[in-house]
1. Can you run down the residue pairs with Cβ atoms below 6 Å, 6 or more apart or on separate chains, where the first is in the stretch 33-45 and under 19 Å from Val230 (Cα atoms) and the partner is open to solvent by 30 Å² or more (accessible area, probe 1.4 Å)?
2. Give the stretch 34-49 a look and list any residue that's part of a helix (DSSP H, G or I) and surrounded by fewer than 23 Cβ atoms within 10 Å (Cβ to Cβ), or say none.
3. Under the condition of being surrounded by 15 or more Cβ atoms within 10 Å (Cβ to Cβ) and small (Gly, Ala, Ser), which residue from the stretch 100-113 is nearest to the chain's Cα centre (by Cα)?
4. Hey, among the residues in the stretch 82-99 that are assigned to a helix (DSSP H, G or I) and either open to solvent by 50 Å² or more (accessible area, probe 1.4 Å) or in contact with a helix residue (DSSP H, G or I) (Cβ under 9 Å, 6 or more places away or on another chain) (or both), which one's nearest to Asn188 (Cα to Cα)?
5. Given the structure, is Gly184 surrounded by 23 or more Cβ atoms within 10 Å (Cβ to Cβ), free of Cβ contacts under 8 Å to residues at least 60 places away in the same chain, farther than 17 Å from Ser121 by Cβ and in contact with a strand residue (DSSP E or B) (Cβ under 9 Å, 6 or more places away or on another chain)?
6. Considering each of Ala65, Ala52, Ala31, Ala25 in turn, give the residue that is hydrophobic (A, V, I, L, M, F, W, C), surrounded by fewer than 16 Cβ atoms within 10 Å (Cβ to Cβ) and on the phi < 0 side of the Ramachandran plot.
7. Across the stretch 153-174, what is the total count of residues that are open to solvent by 20 Å² or more (accessible area, probe 1.4 Å) and either small (Gly, Ala, Ser) or touching a residue at least 24 places away in the same chain (Cβ under 8 Å) (or both)?
8. Among the residues of the stretch 199-255, which ones are surrounded by 11 or more Cβ atoms within 10 Å (Cβ to Cβ) and polar (S, T, N, Q)?
Amino acid sequence: IPARVPAVSGRTALVSGAANGIGRACALALAADGADIVAIDVDESGLASLVAGIEASGRRALAIAGDCRDGGTVDAAFDQVAEQFGGVDILVNNVGQSARAKAGPFVESDAETWKFVLDVSLFTTLRFSRHAAPGMQARGWGRIINMSSDSALVGDSGLADYAAAKSGLLGFTRSLARELAPHGVTVNALCPGAIRTRALEQMNPAVLDRVRQSIPMGRVGEPEDIAVLVAFLAGEGGRYITGQTIAVDGGRWML
């Protein structure tokens, strides 16, 4: 029986917000499938341990510590990637967050909070994609996977700005998918529900209990539940899937 060739062997994957949670799981899954990894995050210690794990598996890894909202940081990161890897084949736009402590009724919200949420949860994806897409287009192959949220589908109360940002990602995904499809590049969006991350662990227990009750499967998911789908879409199995929104949330949202 011929040895199995890793699904994305020889490819370079860039994962934003990669130090922990979903981003970390995605980076490790893609490395396990043969990709070299570029990981960007503000958490330097998290990046260091991630790189150690990737390199232990025999893949190359580059950690870039910086704020994904900063255009200069992103510009410099892509210059570094081009020099060391030649370009990005797989882009996982994972970075994003809600206002967390400031989450609450929209009628009590303020413009500064909206700007923060839109910047970190929408504009980072546009910024990274603008850098990565031309190279993918020129090479005739690429995968862009945008991390939205099932809040964009459900419309969670108290998270209007976050739902708006994550809904914007869905429209962006569809438009970019149409533009890049003729060039062999797929663009898809995932909508995770409640996933066991540091943000979820910091949630008020009473609120978390209500979230669990809203999930037909009765439990929260794991970062690996998202990563396995990212790895699938990045490989040959996802070659004819583009412009799609896929909820991974235990059935909280059903089309």
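The values are calculated or read from the model by the stated rules, or taken from the named source; none is laboratory data. Predicted model only: the values in this text are computed from it and were never measured. Positions of Cβ are generated from backbone atoms using ideal geometry, with glycine treated the same way; all protein chains shown enter the neighbour counts. The area values use the complete protein model at the heavy-atom level, side chains included, leaving out ligands, DNA and RNA. Shrake-Rupley method; radii C 1.70, N 1.55, O 1.52, S 1.80 Å.
1. Taking only residues 6 or more apart or on different chains, the pairs are Asp33/Pro6; Asp33/Ala7; Gly34/Pro6; Gly34/Ser9; Ala35/Arg11; Asp36/Arg59; Asp36/Arg60; Ala39/Ala63.
2. As a first pass, look at the stretch 34-49 and keep what is part of a helix (DSSP H, G or I): 44-49.
Residues satisfying the conditions are Glu44, Ser45, Gly46, Ala48, Ser49.
3. Ala103
4. Quick first cut of the stretch 82-99, residues assigned to a helix (DSSP H, G or I) only: 82-85.
Of the ones still in play, those that are also either open to solvent by 50 Å² or more (accessible area, probe 1.4 Å) or in contact with a helix residue (DSSP H, G or I) (Cβ under 9 Å, 6 or more places away or on another chain) (or both) are 82-84.
Details: Ala82: 24, Glu83: 27, Gln84: 27 Å.
Result: Ala82.
5. Details: surrounded by 23 or more Cβ atoms within 10 Å (Cβ to Cβ): no; free of Cβ contacts under 8 Å to residues at least 60 places away in the same chain: yes; farther than 17 Å from Ser121 by Cβ: yes; in contact with a strand residue (DSSP E or B) (Cβ under 9 Å, 6 or more places away or on another chain): yes.
In short, no.
6. Details: Ala65 fails: surrounded by fewer than 16 Cβ atoms within 10 Å (Cβ to Cβ); Ala31 fails: surrounded by fewer than 16 Cβ atoms within 10 Å (Cβ to Cβ); Ala25 fails: surrounded by fewer than 16 Cβ atoms within 10 Å (Cβ to Cβ).
On inspection, the qualifying residue turns out to be Ala52.
7. Taking the stretch 153-174 as the starting set, the residues that turn out to be open to solvent by 20 Å² or more (accessible area, probe 1.4 Å) are 153-162, 164, 167-168, 171-172, 174.
Applying the additional criterion that residues be either small (Gly, Ala, Ser) or touching a residue at least 24 places away in the same chain (Cβ under 8 Å) (or both) yields 153-155, 157-162, 164, 167-168, 171-172, 174.
Counting residues in the stretch 153-174 that are open to solvent by 20 Å² or more (accessible area, probe 1.4 Å) and either small (Gly, Ala, Ser) or touching a residue at least 24 places away in the same chain (Cβ under 8 Å) (or both) gives 15.
8. Ser214, Thr242, Gln244, Thr245
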